[in-house]
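Novice: To start, I am sharing the structure in question, which I have written as structure tokens.
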Amino acid sequence: MSENGSNALWGSRFDGGPADSLAALSRSVHFDWRLAQYDIKGTLAHIKALHAAGYLTVAEHQKLEKSLEELSRRVAEGSFTAKPSDEDVHSALERGLIEIAGAELGGKVRAGRSRNDQIATLIRTYLLDQSNVIEELVLDLINVLVDRAEENLGVAMPGRTHFQHAQPVMLSHHLLAHAWPLQRDIERMREWRKRASLSPYGAGALAGSTLGLDPNLVALELGLTGPTQNSMDATASRDVVAEFEFILTLIGINLSRFSEEIIIWASAEFDYIKLSDSFSTGSSIMPQKKNPDIAELARGKSGRLIGNLTGLLATLKGLPLSYNRDLQEDKEPVFDSVDTLTVLMPAFTGMVATLVFNKNRLELLAPAGFSLATDVAEWLVKQKVPFRDAHEITGKLVSFCEKNSLQLHEVADADMAAISPKLTPEVRDVLSVSGSIRARAGAGGTALPRVLEQITALRKFSVKR
Ligand code: ARG
């Protein structure tokens, strides 16, 4: 406690303690307490640097190390917690360390660092750990999508553009189309880790430290690759947090897009899928209801993730160099984004793993809406008809079908010939869903060999490390 009755890490130049209203506003310990173990690890690295530079004797260093280990244990078991009078996690832990190591030795630790370089480091080490958790969860979903694609090989379904029937595709191809964006999200996360893995420790409040502490030593102790290059940038920037939140938001958006389809597919009108009882909910008033709540929550939570990201960006906009207290506002949103995805992903993956496809219906609808018309046009091109004419001839064929309530393959040879002499009976070879899919064997197409290639590639990618 300082003379003004507060245990803030500042105060000697102030005549009175902080007003209660200021203390209430300033306080962050109720949310930054989750960084406590990261702060202790940072302090362990810092005392090593203090010792190496000659500011702590071997005995002092050892005693502090033991004390910090004891503090870590007390924090983990909950016997040491933050008090309302602690301003933030740093103040609370200094109080805890002094309780164990005594005021004299505990009071030496703060030399050569500021809460500004401290917090900038902690948030990185915390997010790096969380990025591993989220990567695992995303890999689980990719693996489930690949499993479902493999188990449904050969099933055709309507492929859509503008939400209208366009061309038949393989269900597996569609499922994998949801896996690839997630694969890229993981690649983004891995790229981000390189930028996040630099240590701001040593930047001090803004200009660096005079004590000659080794920032490399601290970085390596923390499992980071090295120190940041500019102390002002290190303490003032939060692009590392913003980029992380962007990746989480994009994951949320990718889940949300898939969710929209799942919600539609589960409706009576579509009837493409049945959700497992374990991953759907009922209605309190309508006994017959089975609701796709997981997909709806995923869709809803993507809005929340976007809010967290844009909130941080708005906080950063217009901040002059270097540290400003506004930066404290980075934490709650990013913690919320982490919590949101960590609770959402397992439920979402479970829903995808257990939903049942109505294969007969998917196959039945695959050719609906004249979805083989492009195949007719491209067949004509192979017969040397210019595509412009091929498009027009096929359009006439579709119009004839519509007027006579026929499917493309049901048109008689004579009627075809009347539309165009180029439409010979051989065109029937391409008028099947399986033929259409087989023919789309170009790079990234829906043909079986291309789908199998994707399965192999994604399996290789998603092996857990
Ligand atoms: N709670 C602060 C934050 O999150 C820690 C750094 C405080 N620095 C300061 N100069 N008051 O940004």
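Nothing in this text is a laboratory measurement; each read-out follows from the coordinates by a stated rule. Note that the coordinates shown come from a computational prediction; the quantities given were computed from them, not determined experimentally. Virtual Cβ from ideal backbone geometry, glycine too; neighbours counted across all protein chains shown.
Novice: What share of the DSSP beta bridges in the chain is antiparallel, in percent to the nearest 5?
Specialist: On the way: 9 of 11 bridges.
Percentage antiparallel, nearest 5: 80.
Novice: Further question: Please report the relative contact order for the chain, taking Cα pairs under 8 Å with a sequence separation of at least 6, and give it as a percent rounded to a whole number.
Specialist: Working: 635 pairs, mean separation 75.1, N = 465.
Over the chain, the number comes to 16 percent.
Novice: Moving to a separate point now. For a distance above 45 Å, tell me the whole-number percent of Cα pairs in the chain that qualify.
Specialist: Numbers: 37214 of 107880 pairs.
Pairs farther apart than 45 Å: 34 percent.
Novice: Another question, then. If contacts are Cα pairs under 8 angstrom and at least 6 residues apart, what is the relative contact order of region 424-465 in percent?
Specialist: Details: 20 pairs, mean separation 7.7, N = 42.
With pairs under 8 Å counted, the relative contact order is 18 percent.
Novice: To the nearest 0.05, what FRET efficiency results for Ser12 and Thr210 with a Förster distance of 30 Å applied to their C-beta separation?
Specialist: On the way: r = 20 Å, r/R0 = 0.67.
E(calc), rounded to 0.05, equals 0.90.
Novice: Would you mind ranking Phe163, Phe270 so that the residue whose beta carbon has the fewest other beta carbons within 10 Å leads the list? Don't skip to the answer; put the middle values down first.
Specialist: Values: Phe163 7, Phe270 16.
With the fewest neighbours first, Phe163, Phe270 line up as Phe163, Phe270.
Novice: Rounding to the nearest 10 and keeping the result within 0 to 90°, find how far the Cα-based axis of helix 171-196 lies from the longest principal axis of the chain.
Specialist: So the helix axis and the longest Cα principal axis differ by about 20 degrees.
Novice: Right, another one. Quote the charge dipole size of the chain about the Cα centre in Debye, to the nearest 20; the model charges only the Cβ of Lys and Arg (+1) and of Asp and Glu (-1).
Specialist: Details: 51 positive and 58 negative charges, 150 e Å.
Around 720 debye, computed over the chain.
Novice: How far, in nm, would the chain grow between Arg184 and Asp129 when pulled straight, counting 0.36 nm per residue and subtracting the alpha carbon separation? It would help to have the intermediate numbers written out before the result.
Specialist: Values: separation 55, 0.36 × 55 = 19.80 nm, distance 1.93 nm.
Full extension from Arg184 to Asp129 adds 17.9 nm.
Novice: Would you mind computing, in nm to one decimal, how far apart the modelled labels at Thr456 and Leu313 are, each placed 7 Å from Cα along Cα→Cβ?
Specialist: 4.0
Novice: Additional query: What shape does region 50-90 take by its C-alpha gyration tensor, where a ≥ b ≥ c are the square roots of the eigenvalues and a/c under 1.5 counts as rounded, a/b above b/c as prolate, and the rest as oblate? If you can, show how the numbers build up before the last one.
Specialist: On the way: a/c = 4.12, a/b = 1.88, b/c = 2.19.
Because a/c hits 1.5 or more and a/b fails to exceed b/c, region 50-90 counts as oblate.
Novice: Also: Using Cα atoms only, what is the angle between the long axis of helix 36-52 and the major principal axis of the chain, expressed in degrees (0 to 90) to the nearest 10?
Specialist: 50
Novice: Here's another thing I want to ask about it. Based on the alpha-carbon gyration tensor of region 292-384 and its eigenvalue square roots a ≥ b ≥ c, which shape applies: rounded if a/c is under 1.5, prolate if not and a/b is larger than b/c, or oblate?
Specialist: Values: a/c = 5.25, a/b = 2.02, b/c = 2.60.
It is oblate, given that a/c is not under 1.5 and a/b is not larger than b/c.
Novice: In what sequence, highest mean first, do 39-47, 19-27 appear when ranked by Cβ atoms within 10 angstrom? Numbers along the way, then the final one.
Specialist: Working: 39-47: 23.3, 19-27: 11.4.
Highest-to-lowest ranking by the protection proxy: 39-47, 19-27.
Novice: Rounded to the nearest 500 deg cm²/dmol, what is the calculated helix-only ellipticity per residue at 222 nm for the chain, with -39500 (n - 2.57) per DSSP H run of length n ≥ 4? Intermediate results must be reported in sequence, preceding the final value.
Specialist: Working: 19 runs with 278 residues, N = 465.
Calculated mean residue ellipticity at 222 nm is -19500 deg cm²/dmol.
Novice: For region 260-407, what's the relative contact order in percent, using C-alpha pairs closer than 8 Å and at least 6 residues apart?
Specialist: Relative contact order, region 260-407: 24 percent.
Novice: Would you mind ranking Arg238, Arg325 so that the residue whose beta carbon has the fewest other beta carbons within 10 Å leads the list?
Specialist: Ranked by crowding around the Cβ, least crowded first: Arg325, Arg238.
Novice: For Thr161, Thr354, what ranking results if the residue with the fewest other Cβ atoms within 10 Å of its Cβ goes first?
Specialist: Working: Thr161 8, Thr354 16.
Final ranking by Cβ density, sparse to dense: Thr161, Thr354.
Novice: Follow-up question, since we're still on this one. Taking only the alpha-carbon positions of region 419-463 and ignoring solvent, what does the Debye formula give for the base-10 log of I(q)/I(0) at q = 0.32 Å⁻¹?
Specialist: Each listed q maps to, in turn, -1.02.
Novice: Here's something else I'd like to know. Based on the mean of other beta carbon atoms within 10 Å per residue, what is the order of 381-387, 395-401, most packed first? It would help to have the intermediate numbers written out before the result.
Specialist: Details: 381-387: 11.7, 395-401: 16.0.
So the order, starting with the most tightly packed, is 395-401, 381-387.
Novice: From the Cα gyration tensor of region 209-248, with a ≥ b ≥ c the square roots of its eigenvalues, which class applies: rounded if a/c is under 1.5, or else prolate if a/b is larger than b/c, or else oblate? All intermediate terms of the calculation are to be shown ahead of the outcome.
Specialist: Values: a/c = 4.03, a/b = 1.68, b/c = 2.40.
Since a/c reaches 1.5 but b/c is at least a/b, the shape of region 209-248 is classed as oblate.
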